[in-house]
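Trainee: Questions regarding the structure given below will be posed in turn.
The values are calculated or read from the model by the stated rules, or taken from the named source; none is laboratory data. Just so it is clear, the structure is predicted and the values come from calculations on it, not from any experiment. Using ideal geometry, Cβ is built from the backbone for each residue, glycine included, and neighbour counts are taken over all protein chains shown.
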């Protein structure tokens, strides 16, 4: 069974022209989701495939290949659906776009977050209540700030929080949820006044389910 799954995954990942890095996620039933950024020769676009534990492809869905879009993060939910966080180029601006497929492969909903700056997702997770959390980086002026977005089970936006050290770049690197739905965001924070020193510190910002900062350490 395991070898069949590996074979199917290898076939699913076979390049179609040029291909970008692949994301993967697994649901509670052992089905594997393969999320790929493919290239048409003119645009990048996102393809999502669901693969059974025995290696069979259950469904495959492709986004609009005429719109420039790259997958950045993915997470599965309890009903067996999948959230994909991507970067879409809209009017020359890299914009955060979230979209969701049901367990059966139905295109469920899409949400666009735009505050007129570049937002790039890096990781995603689903809490025990079915809420979706996405972490990433926003470009404010010349510096990146670490950001965390939370959306409800139906994709309704709940809140956004960011960490900015006021000096240099901060990057969202990891996202973990605990049993109380607190979200811990792993942040890489530039600490030096000189751009060449490479002095970064690792921080963890923990937020409660309502977006309140519980701790920063």
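Trainee: Of the residues 4, 42, 16, which single one is out of contact with any helix residue (DSSP H, G or I) (no Cβ under 8 Å at 6 or more places or on another chain), modelled with pLDDT under 95, farther than 24 Å from residue 135 by Cα and in a helix (DSSP H, G or I)?
Mentor: 4
Trainee: If you go through the stretch 188-195 one residue at a time, do you hit one that is under 15 Å from residue 138 (Cβ atoms), within 18 Å of the chain's Cα centre (by Cα) and at pLDDT 95 or above?
Mentor: no
Trainee: On to the next question. Can you tell me which residues in the stretch 66-93 are surrounded by fewer than 19 Cβ atoms within 10 Å (Cβ to Cβ) and over 21 Å from residue 26 (Cα atoms)?
Mentor: Listed by number, the residues that qualify are 66, 67, 68, 89, 90, 91, 92, 93.
Trainee: Take the stretch 68-98 and flag every residue that is within 10 Å of the chain's Cα centre (by Cα) and closer than 24 Å to residue 130 by Cβ.
Mentor: Result: 71, 72, 73, 74, 75, 83, 84, 85, 86, 96, 97, 98.
Trainee: Just give me the residues in the stretch 158-187 being buried (at least 16 other Cβ atoms within 10 Å of the Cβ), in a loop (DSSP other than H, G, I, E, B) and at pLDDT 95 or above, in sequence order.
Mentor: Across the stretch 158-187, the qualifying residues are 181, 182.
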